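Worksheet: the structure to be examined is printed underneath.
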Amino acid sequence: MTISSETELEHLRRIGRICARARDVMGAAAVAGMTTAELDAIGRKVLEDAGAVSAPESEYDFPGATCISVNEEVAHGIPGDRVLADGDLVNIDVSASLDGYFSDTGASFIVGTPRPEIVKLCDDGKKAMWAGIKVVRDKALIREIGLRIENFARKGGYSLIKNLASHGIGKSLHEAPETIPTWDDPRERRSLKKGQVITIEPFLSRGSNWALDGDDGWTLYADTGAPTVQYEHTLVVTQNGYEIMTLAG
């Protein structure tokens with residue numbers, strides 16, 4: 001969507017804060033011995049206590065309030081009886097709606113004892129996201145977002161998942177502008193416009209390039225099994241930059 005009033009902006013800020021709170025509460029609660037279903041229940045409570053509705057459930061009939069992906073799982077992992085273990089890499093993706101406005105955010109966390117190389121991957125995953133976000137402003141070329149992220153990834157010896165992209169959001173979970181590449185795509189000719197609501201969410205990997213379908217119809221897996229992280233914010237394009245909606249407050 002493209003916002004047209006301060007009222008719309010305030011609605012987006014509100015649901016953004018709720019999603020961010022659920023993301024951060026879940027990340028802090030993730031411990032070895034917990035099932036992903038138990039972790040999902042924590043996120044569900046945060047959303048429901050705020051009056052928000054899980055977007056994966058309401059929009060796609062997803063079997064969980066949030067998406068929780070562990071280790072080899074890249075995205076859309078179904079909460080269930082999988083038990084988290086010390087050192088697991090867990091991605092938590094929270095999207096929800098309130099009063100007809102949607103927000104989407106995600107982050108990767110390490111359970112228990114961190115491995116140095118995975119700590120670095122997480123740190124660099126955040127930096128990759130911010131490399132793309134810093135491009136955002138009115139009339140900025142969308143290609144530049146992916147170019148900046150890919151340049152960062154290459155310098156660090158990383159790869160990017162190239163069939164999972166950022167997207168427009170606002171009145172629904174996925175809307176125009178669709179498929180905002182977080183890698184360099186020379187065919188990309190669009191530009192951003194003031195007031196547009198979008199996500200930026202690169203998937204930074206230590207060697208994988210594609211997300212592959214699993215057997216459950218939802219979960220996506222890294223093609224080489226390499227560790228992969230995702231960080232995501234929802235933001236609004238402004239005249240000279242952006243405003244992040246999914247900061248906890």
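Bear in mind these aren't lab numbers, they're just calculated from the coordinates by the rules spelled out. Keep in mind that what you see is a predicted model, and the values were worked out from it rather than measured. Here the Cβ is made from the backbone with ideal geometry for all residues, glycine too, and neighbour counts use every protein chain on show.
Out of (1) in a helix (DSSP H, G or I); (2) in contact with a helix residue (DSSP H, G or I) (Cβ under 7 Å, 6 or more places away or on another chain); (3) touching a residue at least 24 places away in the same chain (Cβ under 8 Å), what's the single condition that is false for R148? Result: R148 fails condition (3) only. Filter the stretch 114-130 for residues that are surrounded by fewer than 17 Cβ atoms within 10 Å (Cβ to Cβ) and farther than 27 Å from I169 by Cα and give the result. Listed by number, the residues that qualify are P114, R115, P116, E117, V119, K120. A Cβ distance below 6 Å, combined with a sequence gap of six or more or placement on separate chains, defines the contacts here; from the stretch 179-195, residues that are among the small types (G, A, S) reach residues that are assigned to a loop (DSSP other than H, G, I, E, B) in the pairs S191/K139; G195/I3.
Listed by position, the strands (runs of 3 or more DSSP E) contained in the stretch 16-113 that have at least 2 residues being surrounded by fewer than 22 Cβ atoms within 10 Å (Cβ to Cβ) and either among the small types (G, A, S) or in contact (Cβ under 8 Å) with a residue 24 or more places away in the chain (or both) are 89-98. Residues in the stretch 1-12 that are assigned to a helix (DSSP H, G or I) and touching a strand residue (DSSP E or B) at 6+ places or on another chain (Cβ under 8 Å): E8, L9, H11, L12. Take T228 and tell me if it is over 20 Å from F102 (Cβ atoms), out of contact with any Cys (no Cβ under 9 Å at 6 or more places or on another chain) and among the hydroxyl-bearing types (S, T, Y). Yes. Set side by side, the residues R143, R137 differ, and just one is of a type in the set (K, R), crowded, with 18+ Cβ neighbours inside 10 Å and over 18 Å from the mean Cα position of the chain (by Cα), which is R143.
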